[in-house]
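The values are calculated or read from the model by the stated rules, or taken from the named source; none is laboratory data. On a predicted model such as this, the values are computed, not experimentally measured, just so you know. Cβ placement follows ideal geometry from the backbone for every residue including glycine, while neighbour counts extend to all protein chains displayed. The protein model used for the area step is the full one, side chains on, heavy atoms only, and it has no ligands, DNA or RNA in it. Shrake-Rupley method; radii C 1.70, N 1.55, O 1.52, S 1.80 Å.
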Amino acid sequence: VGTVRDHVAPWRSVYKAGLYTDSDITFVLASGGHNVGIVSQPGRDGRTYQIGTRRHDEPYVDADRWAEQAPRHAGSWWPQWQRWLAERSGPPAPAPDVGNAQAGLAPIAPAPGSYVLQH
């Protein structure tokens, strides 16, 4: 994932990471900057994203050409990410019991923990 106006990790540099792997790469380019582009929850107006997958045996396409060719979608990239994850995940599993009995650690509190209630 890269964002159009990221000053910390410029998206073209993030995109180039695909040169260092021999696996399929799915790249998302989200509108916004370093924070807003990533924290782009559904329902926010004005958000867009582009997404594309390059198979490991396909030639590399440079970042600017990729951006010209990848279709632009309105909205948050999160629902697409959720679908991508679901396609690669097994069925949901029940949450583990709290604590870690094997390590001799007793549960402190049930999930999500008491700290989330503190102000």
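At a glance:
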quantity: Test set (1) open to solvent by less than 80 Å² (accessible area, probe 1.4 Å); (2) outside any helix (DSSP H, G or I); (3) within 27 Å of A30 (Cβ to Cβ) - A86 fails condition number; calculated: (2)
quantity: Inter-residue pairs, beta-carbon under 7 Å, first over 11 Å from A63 (Cβ atoms) and at pLDDT 90 or above and in region 15-27, second part of a strand (DSSP E or B) and open to solvent by 60 Å² or more (accessible area, probe 1.4 Å), 6+ apart; calculated: D24/T53; I25/T53; T26/T53
quantity: Residue check for V14: surrounded by 10 or more Cβ atoms within 10 Å (Cβ to Cβ), in contact with a strand residue (DSSP E or B) (Cβ under 6 Å, 6 or more places away or on another chain) and assigned to a helix (DSSP H, G or I); calculated: yes
quantity: R44 being over 17 Å from G2 (Cα atoms), among the basic types (K, R) and exposed (fewer than 10 other Cβ atoms within 10 Å of the Cβ); calculated: no
quantity: Any pair with Cβ under 7 angstrom, 6 or more apart, that starts in region 35-58 at a residue that is under 19 Å from P10 (Cβ atoms) and ends at one that is of a type in the set (D, E) and surrounded by 10 or more Cβ atoms within 10 Å (Cβ to Cβ); calculated: G37/D6
quantity: Condition check for G37: under 19 Å from D6 (Cα atoms), touching an Asp or Glu at 6+ places or on another chain (Cβ under 9 Å), open to solvent by less than 70 Å² (accessible area, probe 1.4 Å) and not in a loop (DSSP other than H, G, I, E, B); calculated: no
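Conditions (1) hydrophobic (A, V, I, L, M, F, W, C); (2) without any contact (Cβ under 8 Å) to a residue 12 or more places away in the chain, marked per residue:
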site	(1), (2)
G33	no, no
A63	yes, no
S89	no, yes
P92	no, yes
A95	yes, no
Q102	no, yes
P110	no, no
S114	no, yes
